[in-house]
1. Could you pull the Cα extents of the range 366-473 along its three principal axes, largest to smallest, in whole Å?
2. Please state the relative contact order of the chain as a whole percent: Cα pairs under 8 Å, 6+ residues apart?
3. What nm value, rounded to one decimal, do you get for the distance between residue 420 and residue 127 when each label is placed 7 Å out toward the C-beta?
4. Considering the zone a paramagnetic label at residue 237 would reach in this model (a point 7 Å from Cα along the Cα-to-Cβ line), which residues of the range 270-286 have amide N under 15 Å from it?
5. How much length, in nm to one decimal, is gained on full extension between residue 543 and residue 602, taken as 0.36 nm per residue of separation minus their Cα-Cα distance?
6. Could you tell me how far the Cα centroid of the range 530-544 sits from the Cα centroid of the range 450-479, in Å?
7. Using the alpha-carbon atoms, what tilt in degrees (0 to 90, nearest 10) does helix 404-413 show relative to the longest principal axis of the chain?
8. Can you tell me what the convex hull of the Cα atoms of the chain projects to on average, as an area in nm²?
């Protein structure tokens, strides 16, 4: 078992990495709702701050309303919020790294930058951003007239106070990893005497941020809610917990009520810099948690008491069978941001042989996989999700082919003809999953066995915590299917997942430079990969950066470090009377912002 004392001795960053890894493992073998998509990954954004170079400066105009339907003024809507087991604090500097918070919080908490529904970076409280030529310094100008919901003006020094609050060693933010690029971060976190962080206010409207190195994904890190500014006067006048209900944010909404773990309420911020919704006056967010969360939310929706609800695979047949619900079903099948992949441990036989790894990859019928999961996943043969290609211009290498005949030949070459002589291969599915999900998993394993002639044992006797403890004890996970999400506009997820010293590789799937050359030379490839992504992560020229990442992804595919399977297609229902919402790979069901475009119409 993992010793709790060991966890306590880890650095804050290491604890965050471990937590995100365990949550990724928890989601790795499931197919669920938007709540299952965990944004542990480094979400990379554009490296320059003009519309020409990729940062959005304004929201799109509202689409025409259906049949010119009249707008309902003073409308109240209910939007179910699945906390997925996370504690809800409503405090941007104390909240966990969970997907729902990433989308919900910007309605209340603002920073210099934010995301659009694709994960592209947009200006928020920044009037302009200037990056130095070496990529080490960003100068932000506070939007003229920026004001909190409290009515107090937003000053440059407030950003410094807010960020320092998030980095307070006594109450370190769970999102602190997204501040890691700062100059002085490591020394500050380590508590070194005289340590200083790389940000300062030069005047009331100017903030300078300095980095340790020119990481290309920094603007996207800055768009995360841990970088939000909060009104220091409100905090001082209230307390560390209740300030969230007293107008301390800058978004188009403000929190006005919170019944812990039951519901929270938003009402308009009259001091927001852009026009507010001409329709919405109140948003109620009932909180759901646990295995029945999606079903409870859908029931609320069916009873006309919610504006939208997720539709995970477990509920999809019921929704499609109901004519009224089916008519309101939406699928986010464009620019998918999620990839599911087969993963094998380099240090556990038989997967220490690259030929065996490739054999399993070649035997994976992605079209059949999509059928097993009822079209909620679409086949892919590359790791980098489509949205990255759309936003960055990145062209991935040739994908991993489906060729079971070649897979059998590789197995025979490795000394396992027709799968004979293979050590036991066990796929661990967490206990507590539905019978339907177990049947789907078994169908995938049967497909591999049919195509390759191997026997794979499905074991669902352990909880996810017990599986995690097994990983800690054995130093790896022999055979798994992992689920990763990114909405990067660079392929930075490649380095975050596959880098040999990554917490998602070291001690889990163990792609490492010290590997023995068996059926290939995975050790040499791991060393080359680490060098390529180290260059790519700091390369400011987009074309050169994409080429470096492309070479790196080629190594991932050649060594079957992960074998890409499919991209997720989220599904949800939304009432036709709620119009003007913008959803995409970044958001799932929740709109990117309940802004001036979002209205309730009669009908």
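Rule-based calculations on the coordinates, nothing more; no lab input. Values in this document were obtained by computation on a predicted structure and should not be read as measured data. Here the Cβ is made from the backbone with ideal geometry for all residues, glycine too, and neighbour counts use every protein chain on show.
1. On the principal axes, the range 366-473 reaches 44, 37, 31 Å in Cα extent.
2. Computed value for the chain: 22 percent relative contact order.
3. 7.8
4. The answer is 270-271.
5. Working: separation 59, 0.36 × 59 = 21.24 nm, distance 4.89 nm.
Net length gain for the segment: 16.3 nm.
6. 35
7. Between helix and principal axis, roughly 60 degrees.
8. Values: hull surface 105.3 nm².
It is 26.3 nm².
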